[in-house]
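Visitor: Attaching a single structure in C-alpha cells format; questions to follow.
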2 protein chains.
Amino acid sequence: MEVNKEITLKNIPTKASEHYRNFPMVPRVVYGKGSFEQLGDILMPKRKHSEAPMIFLVDDVFEGTELLRRIPTIFSDQIILISAEEEPKTIQVDALVKMIKDQFVEMPSGVIGIGGGTLLDLAKAVAIMLTNKGDASSYQGWDLVHKKAIYHVGIPTISGTGAEVSRTTVLLGPEKKLGINSDYTTFDQVVLDPELTKGVPKEQWFYTGMDCYIHCIESLTGTYLNAFSQSYGEKSLDLCKEVFLGNITADDSREKLMMASWHGGMSIAYSQVGVAHAMSYGLGYVLGVKHGIGNCLVFKYLKDFYPEGVRLFEEMVQKHQIELPSGICENLTDAEMDTMISVALGMEPLWENALGKNWKSKISSEKLRSIYKKI
Amino acid sequence: MEVNKEITLKNIPTKASEHYRNFPMVPRVVYGKGSFEQLGDILMPKRKHSEAPMIFLVDDVFEGTELLRRIPTIFSDQIILISAEEEPKTIQVDALVKMIKDQFVEMPSGVIGIGGGTLLDLAKAVAIMLTNKGDASSYQGWDLVHKKAIYHVGIPTISGTGAEVSRTTVLLGPEKKLGINSDYTTFDQVVLDPELTKGVPKEQWFYTGMDCYIHCIESLTGTYLNAFSQSYGEKSLDLCKEVFLGNITADDSREKLMMASWHGGMSIAYSQVGVAHAMSYGLGYVLGVKHGIGNCLVFKYLKDFYPEGVRLFEEMVQKHQIELPSGICENLTDAEMDTMISVALGMEPLWENALGKNWKSKISSEKLRSIYKKI
C-alpha cells in the first residue's frame, strides 16, 4: 500500500528553513477561574448586527448542564451540540457549514468552540470554511487557505491537546487524516477558565494530559528543537510533572494542566514529535485506536528511545491507577502488521527529528514489529 | 508634594476584576538565529504602495554597522537613528510624528523599532500617534487610545525589558512618567533574532537582564499572581538562573535570555511588581537614576522581603564582577529623602502586591529611610 507521507498530527517544520516560521499566536487571551462569565462582553463588539448570529459548537456531554445555560446567547444565536466520541471529519465540517448557510441569510458574526480538541478543531474548520469555497478536504495540508476565517473563539473544557493555541485543525478526510495548517486557523480569542475542566472523567483526563506530556518528551529530545520551543516545552513538562506526580490540590492541578496544555501547544511552533506519534499513527491507521490512548500504548515500550520519559510515565500510570488496555495487536494478520509498520516508518520527519539525519540506520521493521507485538 | 499614584512602570491589574483582563498577545512572531533576514519578506505584504514608506526607528549605537545595511529599505523607506541614552519622552514621540507627517504625503505602511526598550517603546508610541490626534501625553494612562495604530514591528537587540511583548509603552511626559497602556500598543509582529544581541556591553547586558530577573522575583512572590502569569514567570526565572548562574555557551546564553525576556513580558499579563520597583521609582524621581540600575541598587538591600531572590542576585553580581555604584543617596537633603520615601510609598498597588492588603502595617517611612541611606 502507499503510505501518505504528509500525514502528521502536529503542525511541524520539516525543513531547516521552516525553523524560522513566522508563527501566528492567539492575539487575545483571558485566563482565570470564572473567566467564562466574560464571554458575553467579549463577543458583544464582534456582533455585526442582530441577524448575524454567534454559532456555539459545544460538546454534547454538556447537554442539560449549567454550562449550556451560561452561554451568552442573544438574537438569533445558535448552540449546536456535537458528540466528541469520534475524531472530527471533513464531511462533518462541510455539513455544519451547509446547515449554517441554509439557516441564516447573513454570514455569522463568529463561531465559538466549547469542548476538547475535537470541538476546538471543528470550530476552527467551520470558521475557515464559512469564507472559503469548496470542501474542507481540499484545504487539508499546509497554507492552502487564502481567505481570512470568520471570527472564532476557543474555550477548552479539557486540557492537553494544545488545540486552543495551535495553527492547525486535524481532520479525518475521505483520503487522509491531515490538518488544515494555516495562519487563518489560529483562534482570534481564547478563554481559559480552569473551572470548566471540573468533572472530566479520570481516564480521559489522564490520556489527554499524556498527549501533552508525550509531546513534550518527543519534542524536547528531538533534533529539530530551537530555544523558543524548548522554553515552552520545558515549562509544559515541568507543569505535567507537578500535575501527574506532585501533591497539589485538585484546584491547582486544573490550573497547572491548563497552562501545560497552552505552553505545550506553543512549543509546537518550532518542534516536532517523534517515535510515539509515528507508531501511534500506525495503530490508528490499522486499528482505529484514538490519538491520546494510542500514544500511551506505544510510549510504554519506548524505553530505548526515551528512558527517563518512560520511567516517569510509568510512575504516573501507577500513581493514578490507570489500567492501559493490553493485547491490542494480538490478533493482527501479518499483512496488517506490515501495513502498521510501513505507515509508522512513512512518517519520515518524525523519525528524523527523533533519531537524526541517518535515522534509517538506527531503526528497522523488526524493531517496530517487536514493539507492536507487545502492545 | 503631591505624589502621582498612577505612576507605574508596568502594565498591571490593580483591582481583583482586572485579574481577568482580556490580554492582547503579539499576533505574529518569528524566532531564530538569523531570522532578521526575513524582515524584507515579512514587510512586503504590509506595504500599501511605493509612496507609503516603512519607517525604521533604530538605536544610534548601530550607526555605521552591518545591521544598518541589512535593513530591507526600498522605495521611500526611511531609517531614523535615535539615541537611547535617555528614556523615551512624549515630546520626542510628538516630534517624530510631526517629522514623518511633514515629510510624507501618505501615511506610512508601518513603523519598525530596532533596539532596546527605549526604541521599542518609541516605535509603539509613534505607531499609535500617527493615527490618533493630539499629543502623546494625552494618551498616558489606561485604555485612552481608541484608534488602531499603524502596523508596527518590534525587533529587540538587547534582552530583558519585555517591551517586545507588553501592551504598554512607558514615556516620560511633561507631568508624569506613565505608559500608554492599550490594546493597540502591542506590536503586530516581533522578530526575535538572538544574533542581534551580540556585542551588548557587559554592564548593560547585566542591568537589563536584572530588569527581567527582579520583575520575576517580585511578581512570583506577590499576592496578585495567578497560574497563567506564574507559569510564564517561573520559566523566565529558570532561564535567568541558567544565563546568570549557569555554565552555558555565549550562544545559548543569548538565546535563553531572549526567551527569558519574552516570558517575563508575558507574565506581566496578570501580575504586579513590588518593593524594588516602588523604591527604584523614588530613586528615579529624585535623582534621575535609570530603571535597570535603580532596581539593582535597591534590590541588594531587600533581603527582608526577598531573601532567596537577593541571595541569588548577590551571586550573580559576584559571578559577573559587576561593581554597583555606591553612595548614591549620601548627599541627599532631608527634604529630598522625604520626597523619595513619599514617592515610593505612593505606589500602593506595588506594596499591596508585595505585602498584602494590610501592607501599611508592615512597612514604615523609617524602614524605607534606613534602606535608602545604604544605597
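Visitor: List residues of region B:178-207, by number, whose backbone nitrogen lies under 13 Å from a label position 7 Å along Cα→C-beta of B:L144.
Guide: B:178-182
Visitor: Let me ask something else about it. Could you give the radius of gyration (one decimal) and Dmax (whole number) of the Cα atoms in the protein assembly as shown, in Å?
Guide: Over the protein assembly as shown's Cα set, Rg and Dmax evaluate to 26.6, 90 Å.
Visitor: Measure out, as a whole number of angstrom, how far apart the alpha-carbon centroids of region B:68-94 and region A:30-61 sit.
Guide: First find each Cα centre; the distance between them is then 41 Å.
Visitor: So, one more: Please name the residues of region A:259-281 whose accessible area, counted over protein heavy atoms with a 1.4 angstrom probe, falls by no less than 40 Å² between the chain alone and the full protein assembly.
Guide: Buried-area filter returns A:M259.
Visitor: For chain A, what percent of Cα pairs sit more than 34 Å apart?
Guide: Cα-Cα pairs of chain A separated by over 34 Å account for 24 percent.
Visitor: With a 1.4 Å probe and all protein chains left in place, how much of the accessible area of region B:217-375 comes from carbon and sulfur atoms, in whole percent?
Guide: 48 percent
Visitor: Can you give the Rg to Rh ratio of region A:28-197, both from alpha-carbon atoms, with Rh computed by the Kirkwood formula? The partial results should precede the final answer.
Guide: Working: Rg = 14.7 Å, Rh = 15.7 Å.
Reported Rg/Rh (Cα atoms, Kirkwood Rh): 0.93.
Visitor: May I pose another question? Nearest 10 degrees is fine. How inclined is helix B:334-345 to the longest principal axis of chain B, computing both from alpha carbons?
Guide: 70 degrees
Visitor: Just need log10 I(q)/I(0) for region A:25-66 at q = 0.21, 0.23, 0.24, 0.31 Å⁻¹, Debye formula, equal scatterers on the alpha-carbon atoms, no solvent, rounded to two decimals.
Guide: Evaluating at q = 0.21, 0.23, 0.24, 0.31 Å⁻¹ gives log10 I(q)/I(0) of -1.00, -1.09, -1.11, -1.10.
Visitor: I need to check one value: relative contact order of chain A, counting alpha carbon pairs closer than 8 Å and at least 6 residues apart, in percent.
Guide: Dividing the mean separation by the residue count of chain A yields 18 percent.
Visitor: Here's a follow-up. At 1.4 Å probe radius, can you tell me the per residue accessible area of the protein assembly as shown in Å²? Write down the numbers at each step before the final one.
Guide: Numbers: 28720 Å² over 750 residues.
For the protein assembly as shown, the solvent-accessible area averages 38 Å² per residue.
Visitor: If you take the accessible area of B alone plus A alone and subtract the pair, what total do you get in square angstrom, rounded to 100, with a 1.4 Å probe? Before the final figure, lay out the partial values.
Guide: Numbers: alone 15890 and 15880 Å², together 28720 Å².
For B against A, buried area totals roughly 3000 Å².
Visitor: With springs only between Cα atoms under 10 Å, which of A:Q318, A:Q140, A:Q204 fluctuates most in a Gaussian network model of chain A?
Guide: Largest GNM mean-square fluctuation: A:Q318.
Visitor: What size of dipole, in debye to the nearest 20, comes out for region A:202-374 about its Cα centre when the only charges are +1 on Lys and Arg C-beta atoms and -1 on Asp and Glu C-beta atoms? Display every interim value, and only then the final one.
Guide: On the way: 17 positive and 21 negative charges, 50 e Å.
Here the size comes out at about 240 debye.
Visitor: Suppose only helical runs count, i.e. DSSP H with n ≥ 4. What mean residue ellipticity at 222 nm does that imply for the protein assembly as shown under -39500 (n - 2.57) per run, divided by all residues and rounded to the nearest 500 deg cm²/dmol?
Guide: On the way: 26 runs with 316 residues, N = 750.
The helix contribution divided over the protein assembly as shown gives -13000 deg cm²/dmol.
Visitor: Rounded to the nearest 0.05, what FRET efficiency is calculated for A:L81 and B:K362 with R0 set to 56 Å and r the Cβ-Cβ distance?
Guide: For A:L81 and B:K362, the calculated efficiency is 0.60.
Visitor: Tilt of helix B:250-267 relative to the longest C-alpha principal axis of chain B, in degrees (0 to 90, nearest 10)?
Guide: Here the helix axis deviates by roughly 80 degrees.
Visitor: Could you pull out every one of the lysines with an alpha carbon less than 18 Å from that of A:K357, ignoring same-chain neighbours closer than 8 positions?
Guide: Qualifying lysines at Cα under 18 Å: A:K5, A:K15.
Visitor: Another one. What is the antiparallel percent of DSSP beta bridges lying wholly in the protein assembly as shown, to the nearest 5?
Guide: Details: 11 of 57 bridges.
Of all bridge pairs located within the protein assembly as shown, approximately 20 percent are antiparallel.
Visitor: What's the long-distance tail for region B:140-195, i.e. % of Cα pairs beyond 16 Å? Provide the component values of the computation, followed by the final result.
Guide: Values: 739 of 1540 pairs.
Distances greater than 16 Å cover 48 percent of the Cα pairs.
Visitor: Please report how far the C-alpha centroid of region A:220-248 lies from that of region B:319-346, rounded to the nearest whole angstrom.
Guide: About 41 Å separates the Cα centre of region A:220-248 from the one of region B:319-346.
Visitor: Another question about this same structure. What residues have an amide H closer than 5 Å to that of B:T131, excluding those fewer than 5 places away on the same chain, when H is modeled at 1.01 Å from N in the peptide plane?
Guide: B:I150
Visitor: Helix B:227-245 versus the longest principal axis of chain B: what angle, 0 to 90°, nearest 10, using Cα atoms?
Guide: Value to nearest ten degrees: 90.
Visitor: Would you mind getting the Kirkwood hydrodynamic radius of region B:202-374 from its Cα pairs, rounded to one decimal in Å?
Guide: Working: mean 1/r = 0.0612 Å⁻¹.
About 16.4 Å for region B:202-374.
Visitor: Return the lysines within reach of A:K374: Cα separation strictly under 23 angstrom, same-chain partners fewer than 8 residues apart disregarded; answer none if there are no such residues.
Guide: A:K290, A:K300, A:K303, A:K319, A:K360, A:K362
Visitor: Pairs of Cα atoms under 8 Å, at least six residues apart: use those to get the relative contact order of region A:291-375, whole percent.
Guide: Working: 39 pairs, mean separation 31.9, N = 85.
Contact order relative to length: 38 percent.
Visitor: Another question about this same structure. In nanometres, what is the gap between the two model label sites at B:E37 and B:S50, each 7 Å from Cα along Cα-to-Cβ?
Guide: So the label points at B:E37 and B:S50 sit 2.8 nm apart.
Visitor: With the radius of gyration and the Kirkwood radius both derived from the Cα set of region B:86-141, what is their ratio Rg to Rh?
Guide: Values: Rg = 10.8 Å, Rh = 11.5 Å.
Rg/Rh: 0.94.
Visitor: Counting only C-alpha contacts under 8 Å and six or more residues apart, can you give the relative contact order of region A:28-197 as a whole percent? Walk me through the numbers before you get to the answer.
Guide: Working: 357 pairs, mean separation 46.1, N = 170.
Relative contact order of region A:28-197: 27 percent.
Visitor: Using protein chains only and a probe of 1.4 angstrom, how many square angstrom of A:S83 are accessible, to the nearest 10?
Guide: 50 Å²
Visitor: Largest first and in whole Å, what are the equivalent-ellipsoid semi-axes of region B:110-236 based on the Cα gyration tensor, each being the root of 5 times an eigenvalue? Display every interim value, and only then the final one.
Guide: On the way: eigenvalues 121, 73, 39 Å².
For region B:110-236, the semi-axes come out at 25, 19, 14 Å.
The values are calculated or read from the model by the stated rules, or taken from the named source; none is laboratory data. Everything quoted here is computed from the prediction, not taken from an experiment. Using ideal geometry, Cβ is built from the backbone for each residue, glycine included, and neighbour counts are taken over all protein chains shown. Remember, those area values only see protein heavy atoms, side chains included, never the ligands or the DNA or RNA. Shrake-Rupley method; radii C 1.70, N 1.55, O 1.52, S 1.80 Å.
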